[in-house]
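The structure under discussion appears below in the form of structure tokens.
The values are calculated or read from the model by the stated rules, or taken from the named source; none is laboratory data. Just so you know, these numbers come straight off a predicted model, no measurement behind them. Here the Cβ positions follow ideal geometry from the backbone for every residue, glycine too, while neighbour counts run over all protein chains shown. Each accessible area value is taken on the protein alone, full model and side chains, heavy atoms only, with ligands, DNA and RNA left out. Shrake-Rupley method; radii C 1.70, N 1.55, O 1.52, S 1.80 Å.
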Amino acid sequence: MEKSLSTSKANFGTLPVFLTAISTILGAVMFLRFGFAVGSVGFAGTLLIIIIGHLVTIPTAMALAEIATNQKVEGGGEYFIISRSFGVNIGAAIGIALYLSQAISVAFYVIAFAEAFEAIKPWVQSELGYILYDNRLFSVPALMVLIWLMVSKGADLGMKALYVVVSILAISLVLFFFGHTPYAEVFDSSQLFKGTDSGYSFFYVFAIIFPAFTGMTAGVGLAGDLRDPKKAIPYGTITATVIGMILYVFIAYKLASSAAPDDLINDQLVMSRIALWGPIIPIGLAAATISSALGSFMVAPRTLQAIGGDKVFPNRFVNFWVSKGTKKNNEPRNATILTSVIAFVFVLMGDVNAVAEVISMFFMVTYGSLCLISFLQHFAADPAYRPSFKSKWYLSLLGAIMCIYLMFKINTPYAIAAILLMIALYFYISSKSDAKKGMASIFQGVIYQFSRTMQVFLQKADKAKTEEDWRPAVLCLSKDTFERYSALDLMKWISHRYGFGTYIHFEKDYFSKESKRAAEAKLQKLIKIASTSKSNIFIETIISPSNTAAIIQAIQQPGISGKPNNMMLFEYKKGEKEWLTHVVDNYSVLKTANYDLCILASSDRGFGYHKDIHIWIRKEDYENASLMILLSYIILGHSDWKNGEIKIFATFPKEHLAKEQENLIQLTSTGRLPISAKNIRVIAVEEDLDRKNLINEYSLDADLTLIGFHEGNIKTENNLEIFQGYDTIGNILFVNTFTSKFIQ
């Protein structure tokens, strides 16, 4: 892997990065299409294109410089950055598309190089008698020479050639700016910011021109050949981007002030009419396109080599073949051969405009990814992310948004196709590759920071408590988690939408390496169970040798929502008294915490068919009644209880029946609770009537029964009696509230 991502001898400094980027920025589009842009949308429109284009390229250049100064950027450049930040699976999906755009770029620049020979076609026809119809007569041989150069000599000779062609490019621009035309003498500068009516839409022209600005990351592909990538990449990339933008503004002004709009639109080599020496423009075009082609030809194979080095492809031989480099300096010869084949196919197509749009889409995906990485890293606040150069989060966000927006404005079908290709590649690579790392780590960092910020905000916010805005924030402590799932189910229903829940598994043991390891294993198992059941419960574990200590420790847990916990839930199995005894013995602790108390008595029937919830109310349960009704309503909100209904049974002396029934109907109707009047039943109780027998009779088939209790029931000699005598019915939730709830 390391061998495939870095050369054994890294010699390049900052200058090659700058030259590779600037020669790509000031390349084929500048010579062949920039005059068309100025003629079509005018100087003001072209200025707007430059500004909008650099709203993408400048944030991307800064994001790239930031990420590059945080980690060692090895061979593969942009692919290496994306894959090490987003994970190999996502990085490879983007990387393959990036590689294809880089390989196709070689063809694009070679096709544009052939356009330079338009200037000699009239001379060939008049002097030699030949008519040159097809530019592939020039593009195919040029590509063959490039292939021979890259396969036999590699990047070393490519860089030497790059110095030469960049020099020619610089001379051609100087002569262009010093040129003069008769049109310039009569040009009215007040026309600069007036609109034009060429028939071409702004975004159509933008789509053709934008590839001119997309070369600023070209030098990053040389990262494996750089002595000091952390210095060379930021300086080289940002400098090339800024200088390129400034030059384009001056070029647009020179074109607008030196030639008529019709000439700018119809003559793709109009710059040769303006230049001090006309032939320098075709020569400069040839130099620019060859330098850009050389840059792409150096970068694309290294991207593919890095992808193969990560063993992304499902075939082991393919990974080995594309990642294999030469023994001397790890030149990606095999990847270069494959790149040559792709470039050759697209050169035979010969259409500059069609190829340009494809390239733009894939580069937009790459730039958007780089900006998104930078944006997310700002909020993830990972201590390992310590770049020496820092961009601004709002610039990175702007770059990402602009990439997405412009993709759809340029060509919606292409944009959809590019995104679908990314998704398809990601799922294919994920299914075939052993590399499983995804975006989880970076997004987890963002979520952690966001959660922390919200918790602090909520803590500082006004905490005025009112009865009307009550909602359950429940802590459940259980040591029988894996024997019965009743408590987990109840917590899932309460926490589904309206409430918040923290489930704590209690390991009764002394704290040690072994007990901690066992608790962590059970925690992971519980998290998996909660995930499978699609619950919103937060899971924790507590290790303690004491039941009381465990309860006190649990009570002091912070609320997961930023809202303080206000309820404690315990669970025991009917017929077993040990855990219930410990809970009742610690009632005073719960009272001190001012937590509402719920105790779930689980039966072998469980929650049955999730159909009927019965609530039993008596005159002593005045304060408990509202809490029982609200809890029932919250439980009923879960899809498990979609066919469920609530029935209220109230036991009062005979003389109060009519009044109490009216009160209950008014309470549920004004509170907009899904309890019909026919499901509210008031039962007269005689002094000699056993209430438990009544509950056993009426709630025999209930799936959950709620019964209130209060402090007086606990402070008796036989304090467990309140929870006994209900053996014939299903699960029971005993409820005791310390603060009145108001149903509005």
### Query
Based on what the data block shows, is residue 285 crowded, with 24+ Cβ neighbours inside 10 Å and either part of a helix (DSSP H, G or I) or at pLDDT 80 or above (or both)?
yes
### Query
Which one of 237, 303 is closer than 20 Å to residue 58 by Cβ, in a helix (DSSP H, G or I) and open to solvent by less than 10 Å² (accessible area, probe 1.4 Å)?
237
### Task
Taking residue 609 as the residue in question, decide whether it is in a loop (DSSP other than H, G, I, E, B) and either open to solvent by 20 Å² or more (accessible area, probe 1.4 Å) or at positive phi (or both).
yes
### Task
Would you point out the residue of the stretch 263-277, among those that are open to solvent by less than 20 Å² (accessible area, probe 1.4 Å) and modelled with pLDDT of 85 or more, that is farthest from residue 120 (Cα to Cα)?
264
### Query
Limited to the stretch 489-510, what total is found for residues that are touching a helix residue (DSSP H, G or I) at 6+ places or on another chain (Cβ under 7 Å) and of a type in the set (A, V, I, L, M, F, W, C)?
4
### Task
Report yes if some residue within the stretch 151-166 is part of a helix (DSSP H, G or I), in contact with a His (Cβ under 7 Å, 6 or more places away or on another chain) and either surrounded by 16 or more Cβ atoms within 10 Å (Cβ to Cβ) or at pLDDT 70 or above (or both); otherwise report no.
no
### Task
Looking only at the stretch 323-335, count how many residues are modelled with pLDDT of 85 or more and open to solvent by less than 10 Å² (accessible area, probe 1.4 Å).
1
### Message
Anything in the stretch 482-519 that is in contact (Cβ under 8 Å) with a residue 60 or more places away in the chain and open to solvent by 30 Å² or more (accessible area, probe 1.4 Å)? List them, or say none.
### Response
483, 484, 489, 496, 497, 498, 500
#### Entry: Any pair with Cβ under 6 angstrom, 6 or more apart, that starts in the stretch 278-290 at a residue that is of a type in the set (Ser, Thr, Tyr) and ends at one that is part of a helix (DSSP H, G or I)
289/28; 289/109; 289/112; 289/113
### Message
Could you tell me how many of the residues in the stretch 567-606 are open to solvent by 50 Å² or more (accessible area, probe 1.4 Å) and assigned to a strand (DSSP E or B)?
### Response
1
### Query
Hey, among the residues in the stretch 724-744 that are open to solvent by 10 Å² or more (accessible area, probe 1.4 Å) and either under 13 Å from residue 615 (Cα atoms) or of a type in the set (A, V, I, L, M, F, W, C) (or both), which one's modelled with the highest pLDDT?
738
### Query
Does any residue in the stretch 338-363 that is outside any helix (DSSP H, G or I) come within less than 7 Å, Cβ to Cβ, of a residue that is at pLDDT 70 or above and not polar (S, T, N, Q) six or more places away or on a different chain, and which pairs are these?
350/111; 350/136
### Query
Out of the residues in the stretch 14-44 that are open to solvent by 10 Å² or more (accessible area, probe 1.4 Å) and within 18 Å of residue 167 (Cβ to Cβ), which is modelled with the lowest pLDDT?
24
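From the set of residues in the stretch 368-411 that are β-branched (Val, Ile, Thr) and open to solvent by less than 60 Å² (accessible area, probe 1.4 Å), which is farthest from residue 235 (Cα to Cα)?
410
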### Query
Looking only at the stretch 77-98, which residues are under 17 Å from residue 20 (Cβ atoms) and part of a helix (DSSP H, G or I)?
78, 79, 80, 81, 98
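So which residues in the stretch 520-532 are in contact with a Phe, Trp or Tyr (Cβ under 9 Å, 6 or more places away or on another chain) and open to solvent by less than 80 Å² (accessible area, probe 1.4 Å), if there are any at all? Quick ask: steps written out before the conclusion?
Residues of the stretch 520-532 that are in contact with a Phe, Trp or Tyr (Cβ under 9 Å, 6 or more places away or on another chain), as a first pass: 522, 525-526, 529-530.
Hits for the stretch 520-532 are 522, 526, 529, 530.
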### Query
What number of residues within the stretch 612-624 satisfy the criterion of being assigned to a helix (DSSP H, G or I), open to solvent by less than 10 Å² (accessible area, probe 1.4 Å) and either of a type outside the set (D, E, K, R) or at pLDDT 90 or above (or both)?
1
### Task
Answer with yes or no whether residue 585 is acidic (Asp, Glu) and in contact with a Pro (Cβ under 9 Å, 6 or more places away or on another chain).
no
### Task
Consider residue 665 carefully, then state whether it is open to solvent by 30 Å² or more (accessible area, probe 1.4 Å) and either within 15 Å of residue 709 (Cα to Cα) or at pLDDT below 90 (or both).
yes
### Task
With the condition kept exactly as written, say whether any residue in the stretch 368-379 is over 17 Å from the mean Cα position of the chain (by Cα) and either at pLDDT 80 or above or more than 22 Å from residue 214 (Cα to Cα) (or both).
no
